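The values are calculated or read from the model by the stated rules, or taken from the named source; none is laboratory data. Model, not experiment: these values are computed from the prediction. Here the Cβ positions follow ideal geometry from the backbone for every residue, glycine too, while neighbour counts run over all protein chains shown. Accessible surface areas use protein heavy atoms only, side chains included; no ligands, DNA or RNA. Shrake-Rupley method; radii C 1.70, N 1.55, O 1.52, S 1.80 Å.
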Amino acid sequence: PGAEVVHRNPGAAGQVHLVQAPQYRSGSGVSLNWRHSLPQSLAVFSNGDLAGSIPLSLEKFSPDDASTMALPYAIARPRQVLILGAGTGESARQALRQGADRVTAVENHSAIKKTLLAAGVESFQELLNDPQVAWKNSAPRTWLSRRTEEYDLIVLPVIGSFAGQTGLYALHEQPLLTLQALRQAYRRLQPSGLLTATVWFDYPPRKPLRLMTTLVEAVEDEGGDGRAQLVAIRSWGTLTFCVKRSAFNAAEIGRLQAFADRWGFDPALLPDFAPVARQRHHQLQDDSLLALFDQVLSPARQKLYQDYPFRIFPPSDDRPFFAQFLRWQQLPALIDIYGQGTLPFIELGVMVAGLAAALLLLLALGLILLPLIRLPKGGGGFSRTLLYFSGLGLGYIWLELVLIHSYSFYLGQPVLALALVVAVLLTGSGCGSLLSSKLAATRPGRWAGLLVLIICGYAFLLAPLQQASLHLNLPLRILLGGLFLLPLALVMGLPFPLGLRWVSSRQPAQVPWAWGISSCLSVVAAAAGTLIAVEFGFQQMLFLAATAYLLPLLAGLPWKTLSAA
């Protein structure tokens, strides 16, 4: 009641809104033992998604300190704190209240900061003016890759939300939650440092399980012991994990248990030497979640990955879709368990993408096959034209999607990556098309074959070159990234105009059809590319892009079957 948008800020990375309502209070996972009031807050939305909250005034007591997110400060007294995905600064303020000497807050969505400053939110201005806080405008993952400092505590952003997300985040890349990212964060800890992450419960259990498997495997890949270095406590709605660079000792576990008893939290994970009741304050609807936690820490973990109805194995940089849990082969079983009407709310994003790709494919097939009724039948060559231009339509878009993904990590800003890759590919392809007028169109497929070789070279060279130049400032990385893409873009512009001249010299009536084939399959490739990345990874999509460019090469070979067609 009484909610209103008090400020808005459109930007390249999305629209930011500040919403105020008299009854709106923020207390994520706050203890039911909290006896003070909850401060009135502003809700901050980015593209309609809740990006965080911020109190309108600074209170003496904050409910964040009575939430599971305060666990690392109960265990230890971290002095150097790194906040990844700082958002509205909630975690940074908590670190200062808990006695941190230095807080580094990393947030890549600069419009949030600008909006809060423009709206004159005093609590945020005080945070930015605090000499103990260093606010960095960067993608958290890029910051981790570029820096070598070590910290007493690294805080990851909260995963999920109180109201749930109905599977809409299934197609969102979350590079900070991959196995490689957590390993990087782990290596940035002091010898006794802590890494913490908080997740909202969901049912059936998915997010807490996937976060736990990723943390456990990150620790073990770095030579640690998940059973001795991982603890967790839970409230009525949130679960907070803490990973330590070394094994937890008895004193630290004692402080954890005292904190949990004070605020009425339940330990969800403790080292073997500290058995305790795990459902004393908050009863779960069943014991499955705790049993699954134990299984993750057991030798049966790999079997759990195979048998569980949802994907809970750690996401990787190649498939950074943390919230994509759907396993297609499990659909019949899931419908039996949860009902046909419930399942879309679990994995809505993937289902919408799959439906869109299927509809576009059907439309494309119709638009490609129907013109054959009107085209002259005497000239033939339909198979060659279809093979050649379908390969170009698929290959160009799939390669573009892979490059945007790669440059998002390199530049640290997905919008900049999209702008750079699209601009360079279109400009370079246009220049390549211009140069094609000086080349013979007798065997245009050979240029597609050359493109396959170049793509293979980029597959091996792109990542090392990006990593080697990641320490440079952003303008230099944009310049180098654009220059590195330019040769590829020039060659990508050659096969299409040369192919049109080739078709025009043989069957002029097929030239409009060739345009249509490439255009239709480009649209299909964009929709299908999302599903390919989710299911198989961007590396597989790069391989498919190279394979697609082989089709124009095959179309130009002197095969008798193709000639007859």
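For region 478-490, the condition holds for at least one residue, the condition being that it is within 30 Å of GLU149 (Cα to Cα), part of a helix (DSSP H, G or I) and within 22 Å of the chain's Cα centre (by Cα). The residues listed here are ARG8, ARG35; of these, the one that is basic (Lys, Arg) and assigned to a strand (DSSP E or B) is ARG8.
Table: residues versus (1) in contact (Cβ under 8 Å) with a residue 40 or more places away in the chain; (2) under 27 Å from HIS172 (Cβ atoms).
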{"residue": "PHE389", "(1), (2)": "yes, no"}
{"residue": "VAL424", "(1), (2)": "yes, yes"}
{"residue": "ALA448", "(1), (2)": "yes, no"}
{"residue": "ALA468", "(1), (2)": "no, no"}
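Among the conditions (1) assigned to a helix (DSSP H, G or I); (2) at pLDDT 90 or above, the only one that GLN125 does not satisfy is (2). The residues of region 332-381 that are open to solvent by less than 30 Å² (accessible area, probe 1.4 Å), more than 30 Å from ALA509 (Cβ to Cβ) and modelled with pLDDT of 80 or more, listed by number, are ALA353, GLY354, ALA357. The one condition from (1) at pLDDT 95 or above; (2) open to solvent by less than 20 Å² (accessible area, probe 1.4 Å) that PRO205 does not meet is (1).
Would you be able to say whether some residue in region 429-445 is open to solvent by 20 Å² or more (accessible area, probe 1.4 Å), assigned to a helix (DSSP H, G or I) and under 16 Å from LEU485 (Cβ atoms)? Yes, that holds for at least one residue. Residues in region 282-309 that are open to solvent by 50 Å² or more (accessible area, probe 1.4 Å) and in contact (Cβ under 8 Å) with a residue 60 or more places away in the chain: GLN285 only. Could you please let me know if PRO63 is closer than 30 Å to GLN190 by Cβ, modelled with pLDDT of 90 or more and not hydroxyl-bearing (Ser, Thr, Tyr)? Considered against the rule, which asks whether it is closer than 30 Å to GLN190 by Cβ, modelled with pLDDT of 90 or more and not hydroxyl-bearing (Ser, Thr, Tyr), PRO63 comes out as no.
Quick one: in region 52-71, of everything that is open to solvent by 30 Å² or more (accessible area, probe 1.4 Å) and among the charged types (D, E, K, R), which residue is nearest to LYS113 (Cα to Cα)? Once the filter is applied, the top-ranked residue is GLU59. Among the residues of region 185-230, the ones that are touching a Ser or Thr at 6+ places or on another chain (Cβ under 9 Å) and among the β-branched types (Val, Ile, Thr) come to 4 in all. In region 539-565, the residues that are at pLDDT 90 or above reach residues that are surrounded by 15 or more Cβ atoms within 10 Å (Cβ to Cβ) and of a type in the set (S, T, N, Q) with C-beta atoms within less than 7 angstrom, at least six apart or across chains, in these pairs: LEU551/SER390.
Just one of (1) closer than 21 Å to LEU96 by Cβ; (2) touching a strand residue (DSSP E or B) at 6+ places or on another chain (Cβ under 9 Å); (3) of a type outside the set (A, V, I, L, M); (4) open to solvent by 20 Å² or more (accessible area, probe 1.4 Å) fails for HIS36. It is (2). For region 92-120, a residue qualifies if it is open to solvent by 10 Å² or more (accessible area, probe 1.4 Å) and either touching a Leu at 6+ places or on another chain (Cβ under 9 Å) or assigned to a strand (DSSP E or B) (or both), and the qualifying residues are ARG93, LEU96, ARG102, THR104, GLU107, LYS113, LEU117, ALA119. The requirement of being free of Cβ contacts under 8 Å to residues at least 24 places away in the same chain and surrounded by fewer than 24 Cβ atoms within 10 Å (Cβ to Cβ) is satisfied by ASP49. Number of residues in region 72-83 that are surrounded by fewer than 23 Cβ atoms within 10 Å (Cβ to Cβ), under 29 Å from the mean Cα position of the chain (by Cα) and either in a helix (DSSP H, G or I) or hydrophobic (A, V, I, L, M, F, W, C) (or both) equals 1. Being of a type in the set (A, V, I, L, M), under 25 Å from the mean Cα position of the chain (by Cα) and within 30 Å of ALA250 (Cα to Cα) is a condition met by no residue of region 320-333.
Pairs linking a residue in region 9-29 that is open to solvent by 20 Å² or more (accessible area, probe 1.4 Å) to a residue that is among the aromatic types (Phe, Trp, Tyr), with Cβ atoms under 6 Å and 6 or more positions apart or on different chains, are HIS17/PHE45.
For every residue, the table says whether it meets (1) within 25 Å of GLY254 (Cα to Cα); (2) in contact with a strand residue (DSSP E or B) (Cβ under 6 Å, 6 or more places away or on another chain); (3) free of Cβ contacts under 8 Å to residues at least 40 places away in the same chain; (4) of a type in the set (S, T, N, Q).
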residue	(1), (2), (3), (4)
LEU177	no, no, no, no
PRO191	yes, no, no, no
LYS207	no, yes, no, no
ARG210	no, no, no, no
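Within this structure, LEU176 fails the test of being among the aliphatic types (A, V, I, L, M) and closer than 19 Å to LEU71 by Cα. Within region 519-553, the set of residues being under 17 Å from PRO495 (Cβ atoms) and crowded, with 22+ Cβ neighbours inside 10 Å comprises LEU521, ALA525, ALA545, ALA548, TYR549, PRO552, LEU553.
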